[in-house]
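The values are calculated or read from the model by the stated rules, or taken from the named source; none is laboratory data. Only a predicted model underlies this, so the values are computations on that prediction, with no experimental measurement involved. Note that each Cβ is placed from the backbone with ideal geometry, even for glycine, and that neighbours are counted across all protein chains shown.
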Amino acid sequence: METRHSVCALDCPDTCAVLVQVEDGRATKLRGDPSHPVTRGFLCGKVAKYLDREYSTERLLYPLKRIGEKGEGRFQRISWDHALDTIAERLAETAEGFGPESILLTVTPVRWVY
């Protein structure tokens, strides 16, 4: 068993530090890093349950495209190339119709105080 230092993959302003317990190459436990100057060891509910989702048998491993009406739950598997092309086309249409600002992610800057 070993503990590895990592960071949260979510795009929150806290930029949390995470300690990952690894056994036989598999993450088995997550904890917040108590040395983090802002969160001081706290993990939000999303990150605290991350391993449940990561290793879930229901986790999606490939892209799906909706083939029915929204809410019907009907999907078909598509290739990664098709999925990425579809996303690129939709982003281009959105930017063309509403301007590039319509797809720009804006993040509030973080100021660390030590």
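Hey, can you tell me all the residues within segment 28-46 that are surrounded by 12 or more Cβ atoms within 10 Å (Cβ to Cβ) and touching a residue at least 40 places away in the same chain (Cβ under 8 Å)?
The answer is VAL38, and nothing else.
Here are the criteria: (1) over 25 Å from CYS12 (Cα atoms); (2) out of contact with any Phe, Trp or Tyr (no Cβ under 8 Å at 6 or more places or on another chain); (3) not in a strand (DSSP E or B). Tell me which single one GLN76 does not satisfy.
Answer for GLN76: the failing condition is (3).
Select from segment 1-27 the residues that are among the polar types (S, T, N, Q) and without any contact (Cβ under 8 Å) to a residue 24 or more places away in the chain and write down the one among them that is farthest from LYS49 (Cα to Cα). Explain how you work it out, then say what you get.
Step one: of segment 1-27, the residues among the polar types (S, T, N, Q) are 3, 6, 15, 21.
Checking the rest, the ones that are also without any contact (Cβ under 8 Å) to a residue 24 or more places away in the chain come to 3, 6, 21.
On the way: THR3: 18, SER6: 16, GLN21: 14 Å.
Here the answer is THR3.
Suppose we filter segment 78-108 for residues that are loosely packed, with under 10 Cβ neighbours inside 10 Å and not β-branched (Val, Ile, Thr); how many remain? Walk me through it before giving the result.
Step one: filter segment 78-108 for residues loosely packed, with under 10 Cβ neighbours inside 10 Å, giving 80-81, 97, 101, 104-108.
Subsequent filtering for residues that are not β-branched (Val, Ile, Thr) retains 80-81, 97, 101, 104-105.
Going through segment 78-108 one residue at a time, the tally reaches 6.
Hey, CYS44 hits all of (1) at pLDDT below 90; (2) in contact with a Ser or Thr (Cβ under 9 Å, 6 or more places away or on another chain) but one; which does it fall short on?
Status for CYS44: all satisfied but (2).
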